[in-house]
Every structure is written in structure tokens, then in C-alpha cells.
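Novice: Encoded as C-alpha cells, here's the structure I'll be asking about.
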Amino acid sequence: MKVLVINCGSSSLKYQVLEMETESLLCKGLVERIGIEGSVLKHEKTGMDKYKLEVPMKDHKEAIGHVLETLIHETHGVASCMDEIGAVGHRVVHAGEKYASSVRITDDVILALQDCVSLAPLHNPPNLLGIAACQELMPDTPMVGVFDTAFHQTMPAESYIYAIPYEYYTKYGVRRYGFHGTSHRYVSERAAAMLGKKVSETKVITCHLGNGASITAIDGGKVIDTSMGFTPLEGLVMGTRCGDIDPAIIDFICKKEGLTISEVNNILNKKSGVLGISGVSSDFRDIEEAALKGNERAELALKVYANKVKFYIGAYMAELNGADAVVFTAGLGENGILMRRMICSDMENLGLVLCPKRNEVKGQEKVISTDESPVRILLIPTNEELMIAKDTYEIINK
Ligand code: ADP
């Protein structure tokens, strides 16, 4: 069966088609500038040159219409007709406390996801637009929702309850939800496979270090804590997000700079993180380059970032009472040789011994700790799309 995976953003969408019998990627693509002048679809069939389509796409329905046409394109297509696409898996950011795993999309599911819009006002609406567009264009094709928050629903209350008046949780659902769940789940399952252990007998700490970054403590396949919170702003330092700060800073900056809470919130999301500290960029390649040339703030940004990851690894080691492995994944986790070295330095007493030579690698599944390291350090490229496609395939075939 061929499964189409869709990840809809506000003005962009990413897609992949996978052949599930072999779990192989048939094609992938990206539509950008949906509803904006200059809409473009970039498509890549595995093993072929890229194909580009520049036509106006005023909304998600038009964009998905062009994606579907491309999927049956004479030369760049991967199916002879749309009926060959057996199911669609949709990435959805927030399912609140409603879903702890992926589900087949029904009218009730859509209502539940609409209820979560206030929790993820930037993400759930475009996710829902993508589902609606697919349902209109492929009315007979089953669809599955795969949620970023779902994997974290196993967290115990002591991990997800904030120390604020309890009624904010009961009235408004203010609690830790956690994000990047599909990625943490994928790499934790791969980690168990690499260790030759059952997921149910494995303790891992997974570090998803991309533009957004989060770290998760997983015991026997169940999340016991994660660093992102009510929103993706909490936890690690990120490209442009501040991560953990003293909440009193918000009121202080509002008064000093004459800004509203929303304006400061925007600064904490878009102008903070390593960009805010370095003043150089949110991209670690630029920051590393600047640091190498002697830019002290760039060097400081790298140190603050590494220190925060280290801090959480230590915290999660304590919460898990020791771990079998620490996993690095996503853009920086997979490619950031220097950053992995900075994070893992001086952790021998916690059981982490990075092998500098093995660490000289990018984007490959590999053990990068020494043979003697009590805790394995693993590099595992994430594959959220494969996880979404597998869930979709399984649920449809149940
Ligand atoms: P997203 O969260 O947008 O999916 P990615 O997982 O693609 O992000 O990660 C993007 C981050 O990965 C960027 O900060 C980028 O600097 C970092 N990155 C990518 N390649 C490298 C590299 N070779 N060295 C260091 N950092 C890298």
C-alpha cells in the first residue's frame, strides 16, 4: 500500500509518499507560499531530478490538488491513479489530553482537534485545513491523525503539573504537553533496536536538536518527562526561542521597554535563543563559524546551549535512575559534531564517554560513545514521516 504523509503549515506543506510493504520513500515534496504570490511546488521522485511547478495556489485545497496531480504525473508521478494511494497520514501538532496515540480521522476527531486550537493557535488551524482539503479531494481515502503531543501523554502528573493554582489546569488545560513526540518515539524505538533490547526494557534520553529543540526521558517506551511544556517555548535554548527563563523577566522587560506581554512573548519566541545571545544567526553553522573567528557572543551562545542540554541530561538521568542511552537527533543533533562534543564533555562520572573519532560523523545511525562507556551515546537520524506512515498503515489495516 502507498501512504501519503502530509504536514501542513500556515503557508507551506511538506509531503511524502511511502511504499509500506518495503517502507521505502517513493517521493517527497514541499509547497511554499500558499496563498502568497509566487506559490511553488518542489517535488522529488526518488532517484530522479527535481521537478518544480510554479502556479498560483490560493489555499491549501489548491496546493493539495497540485500535489495529487503531481503524484500521478506521467514522469514524476509515483502512482498511475489516485486510487493507488491507500491512506493519508496527517501530522497534527496538538491533541491536548484527548489522544495518547494516532487515530483514524472521523468527525469526532476533527471536533476534538478544533477544541485544541486555543492550545496551538498557530499550528492546529493549518493542520485542520490540510485534513479538510484532503477529505474534499479524496473523499473515499481513509485518513489518520498523528499528533506531536500524543507520545508524551504517559507522563505522570508530577511531571506535567505546573506549580501554579491548580484550577488553571482544570479550567484551561494549562499543563506540560510536550512536542516532537513522533520524533522522540521513532528514535527511542531505533535506540532499543540498536542496543538489541526490547523497548519495554530500555531507558533512553532522546535529544531532538533542530530549530526547535526538546529532550525526553523515556522508560520502557513510556515518556516520563519532556522539556517542552504548555507550548514549545519551554525547556532547552533553541534557535530563536528562549527556553526556560524566570517568568518575572516578562513583566520587567514589558515595563523597561514599554512593550505589551504579546510583544515580549513574540521576542521570546522569535528573537531569543542562540540568535538572541549571539546576535549572529539562529543557524548553528553560522554561529560556529562566527565563534571560530573569535566572536565572543557566538561562542557564549554555543556554551549556553550546550550547558542547557547537559543540565537536562543530568536531570533526566536522575529521574530515570540511570539510562541505557542518550540519543542525538534532528538537524543539529545529527550534524553538529562540535555541539555533541561540547554537550558530552566532562560527563564520564555520569557514565557518558563520547568517542571523538566516532563522533566525526553526520546524519548516520551510529554508536558514538566508546566501547567502555556505561551509557551508550547514539546518533539516530529522525524520520517522523516514516513513523506517521507506519501508524497510518497499521491503523487502516486493523
Ligand atoms: P527543523 O526544526 O526546522 O526541522 P532541523 O531539524 O532541520 O530543523 O534542524 C535545523 C538546525 O540544524 C539548524 O539550526 C542548523 O543550524 C542545524 N544544522 C544543520 N546542519 C548542520 C551542520 N552541518 N552543523 C551544525 N548544525 C547544523
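Novice: Considering only residues that are among the small types (G, A, S), in contact (Cβ under 8 Å) with a residue 60 or more places away in the chain and within 15 Å of the ligand (Cβ to nearest atom), which ones fall in segment 309-368?
Specialist: Across segment 309-368, the qualifying residues are A330, G331, G333, G336.
Novice: Still on this structure: Can you name every residue in segment 203-227 that is assigned to a strand (DSSP E or B) and open to solvent by 10 Å² or more (accessible area, probe 1.4 Å)?
Specialist: Residues satisfying the conditions are K203, H208, D219, K222, I224, D225.
Novice: I would also like to ask the following. Name the residues in segment 250-266 that are open to solvent by 60 Å² or more (accessible area, probe 1.4 Å), assigned to a helix (DSSP H, G or I) and either in contact with a Cys (Cβ under 9 Å, 6 or more places away or on another chain) or within 15 Å of the ligand (Cβ to nearest atom) (or both), would you?
Specialist: Across segment 250-266, the qualifying residues are I261, E263.
Novice: Picking from E37, E74, E69, E97, which residue would you name as being within 30 Å of T231 (Cβ to Cβ), surrounded by fewer than 18 Cβ atoms within 10 Å (Cβ to Cβ) and not polar (S, T, N, Q)? Before the answer, list the steps.
Specialist: On the way: E37 fails: within 30 Å of T231 (Cβ to Cβ); E74 fails: within 30 Å of T231 (Cβ to Cβ); E69 fails: within 30 Å of T231 (Cβ to Cβ).
The unique qualifying residue is E97.
Novice: If we scan segment 190-197, do we find a residue that is modelled with pLDDT of 95 or more, under 28 Å from D391 (Cβ atoms) and outside any helix (DSSP H, G or I)?
Specialist: Taking every residue of segment 190-197 in turn, at least one turns out to be modelled with pLDDT of 95 or more, under 28 Å from D391 (Cβ atoms) and outside any helix (DSSP H, G or I).
Novice: For L71, indicate whether it is at pLDDT 95 or above and hydrophobic (A, V, I, L, M, F, W, C).
Specialist: Yes; evaluated as a whole, the condition is true for this residue.
Novice: State yes or no: is I287 free of Cβ contacts under 8 Å to residues at least 24 places away in the same chain, of a type in the set (A, V, I, L, M, F, W, C), outside any loop (DSSP other than H, G, I, E, B) and within 11 Å of the ligand (Cβ to nearest atom)?
Specialist: Against the criterion (free of Cβ contacts under 8 Å to residues at least 24 places away in the same chain, of a type in the set (A, V, I, L, M, F, W, C), outside any loop (DSSP other than H, G, I, E, B) and within 11 Å of the ligand (Cβ to nearest atom)), I287 qualifies.
Novice: Ok, one more. With respect to E372, is the statement that it is acidic (D, E) and either away from the ligand (no atom under 16 Å from the Cβ) or within 23 Å of the chain's Cα centre (by Cα) (or both) true?
Specialist: When the stated conditions are applied, E372 passes them.
Novice: Additional query: Hey, can you tell me all the residues within segment 290-308 that are part of a helix (DSSP H, G or I) and more than 16 Å from the ligand (Cβ to nearest atom)?
Specialist: Of everything in segment 290-308, those that are part of a helix (DSSP H, G or I) and more than 16 Å from the ligand (Cβ to nearest atom) turn out to be E296, R297, L300, N307.
The values are calculated or read from the model by the stated rules, or taken from the named source; none is laboratory data. Just so it is clear, the model here is predicted, and its values are computed rather than measured. When we count neighbours, we look across all protein chains shown, and the Cβ atoms used for this are built from the backbone with ideal geometry, even at glycine. When the accessible area is computed, the model is the full protein with side chains, heavy atoms only, and any ligands, DNA or RNA have been set aside. Shrake-Rupley method; radii C 1.70, N 1.55, O 1.52, S 1.80 Å.
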